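K.L.:
Here it is: the structure, laid out below.
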Amino acid sequence: MFTQEVTYADLGIQQKDIYEQMGYGESTPDADVLRELSDIEARISSFLRPQFCFFLAKGTLDEQQHTLTVGGKTFQIGRIISRQLRGSQAFAFFVATGGMAFEAFQQQLKAEGDMVKAYLADSVGSVLAERTADLMETSLQATLQTHGWHHTNRFSPGYCGWHVSQQQQLFSLFPTPEPCGVRLTPSSLMVPIKSVSGVIGVGESVKKLDYTCGLCDFALCYKRRKKPQKHTDSHEIA
């Protein structure tokens, strides 16, 4: 399993990314909000250490049953994801997280009763978790280049018809019970909350595509806010 720790600066977060997450779209917040946001970024940049990890595994994709079987675990990934993963020669399982230090920072703001800063921190946290996952994809692609392989989009339990409860099976595939320091609650919620996990298809003929939100009826999916971008017993591949 490959694991890497990064810094806030490594994430390359743009202010507009945070504005969009906050619901401003293409607009800019007022001066007071910008001042609060700058303060939060300055504070977290001194201690934030996001992490990501991933491993490659062979698996069997059943496009008729819409399942993916890896390491003796069968995932009911649904029609949308199974279509996107077809043609994969292997699968990358990943976790990316903003880390426990950021989780503690959010809890501190809530305890202080500063709900404006707590909301701003929550928005920053959502962006930093996704940017950490983006860096994971970049690192994954660097690994795949030696094979001449490419990768699909990333897909997570809780989206596109893949039930969030299967997070438990996904985590059981990792060689450590808390990959990147992320643990699951009995209800399959990740702690730290600002974390992302899931699967990516890899192989010679697969592609990363624009997210086809028209195929999915989950109105609250964060991808709907993003603009399309161009483009032994062990089951791990060494």
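The values are calculated or read from the model by the stated rules, or taken from the named source; none is laboratory data. Bear in mind the structure is a predicted one, so any value in this text is a computation, not a measurement. No Cβ is skipped: glycine too gets one built from the backbone with ideal geometry, and neighbour counts run over all protein chains shown. The accessibility values were calculated without ligands, DNA or RNA, using every heavy atom of the protein model including side chains. Shrake-Rupley method; radii C 1.70, N 1.55, O 1.52, S 1.80 Å.
K.L.:
So what are the ³J(HN,Hα) numbers for segment 127-141, from phi and the Karplus equation (6.51, -1.76, 1.60; θ = phi - 60°), rounded to whole Hz, Gly and Pro as x?
P.N.:
5, 5, 5, 5, 5, 5, 5, 5, 5, 4, 5, 4, 5, 4, 5
K.L.:
How large is the accessible surface of His147 in square angstrom, using a 1.4 angstrom probe and rounding to the nearest 10?
P.N.:
100
K.L.:
Also: Give the carbon-plus-sulfur fraction of the accessible surface of the chain in %, rounded to a whole number; probe 1.4 Å, heavy atoms of protein chains only.
P.N.:
51
K.L.:
Right, something else. Let me check I have the definition right: for segment 59-181, take the eigenvalues of the Cα gyration tensor, multiply each by 5, take square roots. What are those semi-axes in whole Å, largest first?
P.N.:
31, 17, 14
K.L.:
Also, I was wondering about something else. On the full set of protein chains, 1.4 Å probe, figure out the accessible area of Asp114 and give it in Å² to the nearest 10.
P.N.:
Here the accessible area works out near 50 Å².
K.L.:
May I ask you to evaluate 6.51 cos²θ - 1.76 cosθ + 1.60, the Karplus curve with θ = phi - 60°, for each residue of segment 193-209 and list the ³J(HN,Hα) values in order in whole Hz, giving x for glycine and proline?
P.N.:
After applying 6.51 cos²θ - 1.76 cosθ + 1.60, I find 5, 7, 9, 9, 9, x, 9, 9, x, 9, x, 6, 10, 7, 9, 8, 10 Hz.
K.L.:
Treating only the Cβ atoms of Lys and Arg (+1) and Asp and Glu (-1) as charged, compute the dipole magnitude of the chain about its Cα centre; round to the nearest 20 debye.
P.N.:
Numbers: 23 positive and 25 negative charges, 129 e Å.
It works out to roughly 620 debye.
K.L.:
Per residue, how much accessible area does segment 1-146 have with a 1.4 Å probe, in Å²? Write out the running numbers ahead of the final one.
P.N.:
Numbers: 6720 Å² over 146 residues.
That works out to 46 Å² per residue.
K.L.:
Sort Tyr19, Tyr24 by heavy-atom solvent-accessible area, probe 1.4 angstrom, most to least.
P.N.:
Heavy-atom accessible area, descending, gives Tyr24, Tyr19.
K.L.:
Then there is this: Helix-only estimate, please: 222 nm mean residue ellipticity of the chain, summing -39500 (n - 2.57) across DSSP H runs of length 4 or more and dividing by its residues, to the nearest 500.
P.N.:
It lands at -11000 deg cm²/dmol.
K.L.:
Moving to a separate point now. Hey, what's the per residue convex hull volume over the C-alpha atoms of segment 13-75, in cubic angstrom?
P.N.:
161
K.L.:
Here is a further query. Ignoring ligands and nucleic acids, what accessible area does Arg35 show with a 1.4 Å probe (Å², nearest 10)?
P.N.:
We get 140 Å² for Arg35.
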